[in-house]
Structure formats: structure tokens, C-alpha cells
């Protein structure tokens with residue numbers, strides 16, 4: 001019964017987010033600026049959900065015979081549990097703003113709502129692990145990162161800014177999401193920062209090579225490069241060292257690139 005109540009709470013928040021998001025999408029197709037207010041309200045709903053979930057579920061007794069409560073560090077979880085959902089939702093709003101089809105907006109909102117629902121449940125589940133984040137939760141975070149990156153890259157391409165400024169923005173966006181993966185795996189340090197900078201440079205260059213093509217190929221190529229690096233990182237972070245274990249991401253990326261370039 002308690003689990004049902006908890007899920008009902010998530011559904012309630014998500015229904016509010018859906019209503020706000022639909023109004024945001026509708027407002028972008030009408031001559032008014034109410035979409036700004038609805039966008040802010042949507043992010044506030046995510047913030048409210050996080051505060052409530054963290055307050056209720058981030059502490060546990062150190063034993064069944066003790067009243068001492070052990071709490072998860074807010075500092076350790078702030079980037080992945082709050083900032084990442086906000087980045088994802090903001091990416092969705094920006095993508096919708098530049099989209100011209102209201103029906104497509106509704107489809108995107110529906111898909112993103114399901115992803116947020118899975119993310120919310122996984123974040124709450126991860127609170128049960130004080131010192132680690134479950135592997136299933138990491139997989140959800142990775143998917144959210146890849147989806148957010150694609151939407152933000154699509155927005156950058158639609159801004160119509162100079163090539164160099166576009167590459168700088170792609171580099172910065174890549175760095176933010178790569179660092180979020182570092183935070184998830186708790187690998188922070190100078191080597192991780194250098195690796196993130198090099199990886200972000202690779203993604204920016206890969207995206208830059210496809211600039212000048214249509215607006216669908218550039219984000220697809222950039223996201224593919226982002227996926228490749230993220231997959232290799234996850235394999236390495238899982239402790240695998242055999243060369244054969246690193247081949248699948250390369251094979252998938254090559255096949256996907258061939259399909260993308262044929263579009």
C-alpha cells in the first residue's frame with residue numbers, strides 16, 4: 001500500500017509537469033510570452049519533487065536497534081539527482097521552442113514524461129544506497145544524458161550562430177554531461193577532468209566535421225560521438241580490460257554513422 005502511495009505521488013507531480021509542458025508548447029505557437037512562466041514553473045516542480053524525495057527517503061537508521069539516522073550527502077547527489085533532471089527538462093523545453101509542429105511537441109512531452117517517471121523512481125531507489133548508486137540507475141542517467149545532449153545540440157544548430165561559437169557551445173555542453181557521468185561513478189579528480197576535456201573536444205570536432213549538412217545530421221553525428229565516448233567510459237568504469245569488450249560500441253557507432261550519412 002505504501003509503495004502505491006509513493007508511485008501516486010510521482011504520478012501527481014508528472015501530471016502537473018505534463019500540463020505545464022503542454023501549455024508551454026501551446027504558448028510557443030501563439031503570440032504571447034507565457035511560455036517563459038510555464039517553463040520556470042515546470043523546473044520548480046522538479047525542484048519541489050527532489051526536495052520532498054530527499055527529505056523523506058535520503059535517511060535511514062544505522063541499525064534496527066538505533067535511532068541514529070544516516071543521511072545521504074546532498075552535495076554528492078545534487079549534480080546527478082537534481083541538476084541532471086533539470087537539464088533534461090530544460091533541454092526538452094528548448095527543443096520544443098524551436099520545433100514548429102505542435103503534434104510533435106506532444107509526442108516529445110509524452111516520451112520525456114515516461115523518462116522522467118523512470119528517472120524519479122530510480123533516484124528514489126538509489127537513496128536506499130547511501131554510498132553507491134545502483135547500476136540500473138546509472139543506465140537511466142546515461143540515457144537521459146544522451147537524450148538531453150541530442151536535444152541541446154539540435155537547438156545549437158538551429159540558433160544560426162557562427163561555426164566557432166557553435167563548436168564552443170557543443171564543447172561546453174559535452175563537458176557538462178561528461179562530468180555528470182564522472183560524478184555518477186564518483187571518479188572526480190584531475191585525470192577525470194583531463195579525460196572529460198579531451199572527450200568534449202572529440203565530440204565538438206566530430207560535430208564540426210558535419211557542419212554544413214542538414215540540421216538533422218549534425219546532432220545525430222555529435223550524439224553518436226558522445227554515445228561512443230560514454231559507452232567506452234562505462235566499460236572501463238565497470239572494470240573490464242579485454243579489448244574484445246570495447247568493440248561493440250565501435251561497431252554500433254560505425255553502422256549508425258553509415259546510416260546517418262545516407263540520409
### Task
List the number of the failed condition for residue 100; all other conditions in (1) modelled with pLDDT of 80 or more; (2) in contact with a helix residue (DSSP H, G or I) (Cβ under 8 Å, 6 or more places away or on another chain); (3) in a loop (DSSP other than H, G, I, E, B) hold.
(2)
### Message
Condition check: in a helix (DSSP H, G or I), within 18 Å of the chain's Cα centre (by Cα), modelled with pLDDT under 90 and not assigned by TED's automatic domain parsing to the domain that holds residue 213. Does residue 93 satisfy that?
### Response
no
### Filter result for the condition that a residue is modelled with pLDDT of 85 or more, surrounded by fewer than 18 Cβ atoms within 10 Å (Cβ to Cβ) and within 22 Å of residue 139 (Cβ to Cβ), over 224, 190, 255, 172
255
#### Entry: Residues satisfying the stated conditions in segment 156-170, i.e. within 23 Å of the chain's Cα centre (by Cα) and under 21 Å from residue 202 (Cβ atoms)
156, 157, 165, 166, 167, 168, 169, 170
### Query
In the list 78, 88, 54, 50, which residue meets the criterion of being at pLDDT below 85 and touching a helix residue (DSSP H, G or I) at 6+ places or on another chain (Cβ under 8 Å)?
54
#### Entry: Check on residue 237, surrounded by fewer than 15 Cβ atoms within 10 Å (Cβ to Cβ) and touching a residue at least 40 places away in the same chain (Cβ under 8 Å)
no
#### Entry: residue 119 vs. criteria at pLDDT 90 or above and surrounded by 15 or more Cβ atoms within 10 Å (Cβ to Cβ)
no
### Message
I'm told residue 114 meets every condition in (1) over 30 Å from residue 215 (Cβ atoms); (2) exposed (fewer than 13 other Cβ atoms within 10 Å of the Cβ); (3) modelled with pLDDT of 80 or more except one. Can you identify the failing condition by its number?
### Response
(1)
### Message
Looking at residue 153 and the list (1) more than 22 Å from residue 112 (Cα to Cα); (2) crowded, with 20+ Cβ neighbours inside 10 Å, which single condition is not satisfied?
### Response
(1)
### Task
Please name all residue pairs, on different chains or six or more residues apart, with Cβ atoms under 6 Å, provided the first residue is in segment 106-118 and is farther than 12 Å from residue 11 by Cα and the second residue is modelled with pLDDT of 90 or more.
109/21; 112/92
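The values are calculated or read from the model by the stated rules, or taken from the named source; none is laboratory data. Note that this is a predicted model, so its numbers are computed, not measured. Note: ideal-geometry Cβ built from the backbone for every residue, glycine included; neighbour counts use all protein chains shown.
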